[in-house]
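J.: The structure is given below, and queries will be raised subsequently.
The values are calculated or read from the model by the stated rules, or taken from the named source; none is laboratory data. None of the values given here were measured: they were computed from a predicted structure. All Cβ positions, glycine included, derive from the backbone under ideal geometry; neighbour counts span all protein chains shown.
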Amino acid sequence: MSAPESIGIAALLSRPYKYVRLEWSSELSALRVRTCVTPIQCYSLSAMGELQRVLLDVADNAGLVKHFVMTSDVPGVFNFGGDLSLFVLLIRARDHESLRLYGRRCVDLLWWMETAAQLGVHTTVLVQGDTLGGGLESVLPFHKVIFERSAQAGFPEVLFNSFPGMGAWNFTIRKAGFAIANEMILSGKLYTAQQLYDYHLVDMVVDDGQGEEAIEEALRSVHPRLRGTLAALQARSVAAPVTYESLMSIVERWTANSLNLTERDLKLMERLARAQVRKGTRGMSEGAVEEIKKVELDRAWGEERTGITEWAPL
Amino acid sequence: MNFFTDVIERTDEARRAFETNPVVVEAVAHGMEIQRYRTLLCELYHVVWHFNPICAAAASRITDEFAGVRYFLYQHMHEEMGHEQWVLNDLEAIGLSKRQLLEYQPSPQALALCGFNYWAADRRHPCSVLGMMYVLEVIAAVYGGPFSAAVKEGLLLQNDRGTSFLSSHATLDAVHMTELREILNQVTLHEVQDTIVESICVNFHQITHVFAAI
């Protein structure tokens, strides 16, 4: 490694982070980012601030990082997506500007991933647990998406009358097509790793515990043909473009819709937030995924028994 | 960027520190055993009892430059008047008499929380009281609902019996949050904004310690 690169990586690794842990592999010039936002592994403003700082450092040290790898340090959870408590706060405060700011922060992270090939960086993500809403949106722009078999994912926002507003439509359509994007976003259902693979949203499904080996394999297979791969990926974004303006336009709609959520929708959001906390404490297996299944079941029972599609008061 | 958005960003860490404190996490996820819930309400009684005097101290020191904030405080004090009675009712519903409540000695954490707010209104800037209001309303509007639901489930309480203070504030403070956002956005002086942000951070810190000490 040359001297300027050494200075760059030292500075990059030495920043004091609270929610991310960085590891460096000089052999492959790979930066590994492990996220840990306890007790709810979600995209809080502070966590996104740290991620943005890492990404800016990578961009400022052009040519230093060739592989960017993201994983979660929280067992059983990759990411629960948006900071639901913050959403409740901002919606109750009728704060349009802060909701839009939150959306923009998310889009900025996605946009970095979308344009990483132009920076000479290949991106890989390993999902080893539940990833919901914004959590799933955040993995879609990665060049290589690896899921362990037991991981589950979906866009549950429609269950509380919202929708995933930070890239879900753009990236799901690009990777899987309109019909599948419609099905996933409008149903709010959860999907297995295999189903997501069949939909071409995931590139590799490996058995539980094999994720680390899969990362290694993915990096080693792409490394010898990195320049060609990155050039091809840049061409891909010309062939099937996703624009920053389009992403932000959807954020505007998401913001406006958020301010129309009712008290019942917010209570359901709080119920999911509580379930997310339960997953993070006492090592309980019951978490947000199980709560979403209960909500789906409640709704199905309600329709079957009474024909009423509204939920009972929460 | 308006000041409320700035507040959200600058105090996000402090809010998350409250939200992620193990005692708070446990309480929101699973509720609380009865003795600890009684202690929490006794602590909250103290905080609620001092809320209006702190607002009054601030209102009396606010210059005409911030007349809008002063009127906001008048209105808010009127709305909050008598809410300590709700805490008292909840305590009686879960087996603690008024006499026992009045004999309760607030923790150093609760005393420090109130003490800071009196001091900040007097020596920092009277508008810093908006920081106290922000914290209490965020806690009520965002965490009050799930917490009261968890307490009800855990203690098998019927309707709002024993949780009326928490439940009603969760709904009431949703309206207050909007009003608070509007009044915060009227504060444009950076030095005053800084004292409000400081107050929010201290209030989150102290109330986290009130919970943690229970």
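J.: Return yes or no: is B:Val142 within 26 Å of B:Asn89 (Cβ to Cβ), free of Cβ contacts under 8 Å to residues at least 12 places away in the same chain, at the interface with chain A (Cβ under 10 Å from one of its Cβ atoms) and in a helix (DSSP H, G or I)? Step through it out loud before you land on a result.
T.: On the way: within 26 Å of B:Asn89 (Cβ to Cβ): yes; free of Cβ contacts under 8 Å to residues at least 12 places away in the same chain: yes; at the interface with chain A (Cβ under 10 Å from one of its Cβ atoms): yes; in a helix (DSSP H, G or I): yes.
Taking the combined requirement at face value, the residue satisfies it.
J.: Just to be sure I understand, how many residues within region A:107-150 are part of a loop (DSSP other than H, G, I, E, B), of a type outside the set (Val, Ile, Thr) and in contact with a Lys or Arg (Cβ under 7 Å, 6 or more places away or on another chain)?
T.: Residues meeting the conditions: 2.
J.: Restricting attention to region B:176-214, which residues are under 20 Å from B:His76 (Cα atoms) and of a type in the set (Gly, Ala, Ser)?
T.: Result: B:Ser199, single match.
J.: Determine whether region A:180-187 contains at least one residue that is buried (at least 18 other Cβ atoms within 10 Å of the Cβ) and polar (S, T, N, Q).
T.: No, the conditions are met nowhere in region A:180-187.
J.: Write out, first by first residue and then by second, each pair whose Cβ atoms fall under 7 Å of each other, whose residues are 6+ apart or on separate chains, and whose first residue, in region A:27-43, is within 12 Å of chain B (Cβ to nearest Cβ) and of a type in the set (A, V, I, L, M, F, W, C) while the second is surrounded by 24 or more Cβ atoms within 10 Å (Cβ to Cβ) and part of a loop (DSSP other than H, G, I, E, B).
T.: A:Ile40/A:Phe80; A:Cys42/A:Phe80; A:Cys42/A:Gly81; A:Cys42/A:Asp83
J.: Here's a follow-up. Please give the number of the condition B:Val25 fails out of (1) modelled with pLDDT under 90; (2) in contact with an Asp or Glu (Cβ under 7 Å, 6 or more places away or on another chain).
T.: Here B:Val25 clears every test but (2).
J.: Can you tell me which residues in region B:147-168 are surrounded by fewer than 24 Cβ atoms within 10 Å (Cβ to Cβ) and touching a residue at least 24 places away in the same chain (Cβ under 8 Å)?
T.: B:Ala150, B:Lys152, B:Glu153, B:Gly154, B:Leu155, B:Leu157, B:Arg161, B:Ser164, B:Ser168
J.: Here's something else I'd like to know. Can you name every one of the helices (runs of 4 or more DSSP H) wholly within region B:1-74 that holds 3 or more residues which are surrounded by 21 or more Cβ atoms within 10 Å (Cβ to Cβ) and within 14 Å of chain A (Cβ to nearest Cβ)? Spell out how you get there, then give the answer.
T.: Numbers: elements: B:3-10, B:12-19, B:22-30, B:34-61.
It comes to B:3-10, B:12-19, B:22-30.
J.: May I pose another question? Mind listing whichever residues of region A:174-215 are among the hydrophobic types (A, V, I, L, M, F, W, C), touching a residue at least 12 places away in the same chain (Cβ under 8 Å), assigned to a helix (DSSP H, G or I) and closer than 26 Å to A:Leu247 by Cα?
T.: If we filter region A:174-215 for residues that are among the hydrophobic types (A, V, I, L, M, F, W, C), which is where we start, we get A:176, A:178-181, A:184-186, A:190, A:193, A:196, A:201-202, A:204-206, A:214-215.
If we keep only those that are touching a residue at least 12 places away in the same chain (Cβ under 8 Å) as well, we get A:176, A:180-181, A:184-186, A:190, A:193, A:196, A:201-202, A:204-206, A:214-215.
Those still in the list that are assigned to a helix (DSSP H, G or I) too: A:176, A:180-181, A:184-186, A:193, A:196, A:214-215.
Within region A:174-215, A:Ala176, A:Ile180, A:Ala181, A:Met184, A:Ile185, A:Leu186, A:Ala193, A:Leu196 meet the criteria.
J.: Regarding A:Leu247, is this residue in a helix (DSSP H, G or I), assigned by TED's automatic domain parsing to the domain that holds A:Pro141, over 19 Å from the mean Cα position of the chain (by Cα) and of a type in the set (A, V, I, L, M)? Quick ask: steps written out before the conclusion?
T.: Values: in a helix (DSSP H, G or I): yes; assigned by TED's automatic domain parsing to the domain that holds A:Pro141: yes; over 19 Å from the mean Cα position of the chain (by Cα): no; of a type in the set (A, V, I, L, M): yes.
Judged against the criteria, A:Leu247 is not a match.
J.: Just one of B:Gln109, B:Gln105 is in contact with a His (Cβ under 6 Å, 6 or more places away or on another chain) and of a type in the set (S, T, N, Q); which is it? Spell out how you get there, then give the answer.
T.: Values: B:Gln105 fails: in contact with a His (Cβ under 6 Å, 6 or more places away or on another chain).
Answer to the check: B:Gln109.
J.: Return the total of residues in region A:235-276 being farther than 16 Å from A:Arg105 by Cα and either away from chain B (no Cβ under 14 Å) or out of contact with any Cys (no Cβ under 8 Å at 6 or more places or on another chain) (or both). I'd like the intermediate steps shown before the answer.
T.: Residues of region A:235-276 that are farther than 16 Å from A:Arg105 by Cα, as a first pass: A:235-242, A:256-276.
Narrowing the set further to residues that are either away from chain B (no Cβ under 14 Å) or out of contact with any Cys (no Cβ under 8 Å at 6 or more places or on another chain) (or both) leaves A:235-242, A:256-275.
Qualifying residue count for the region: 28.
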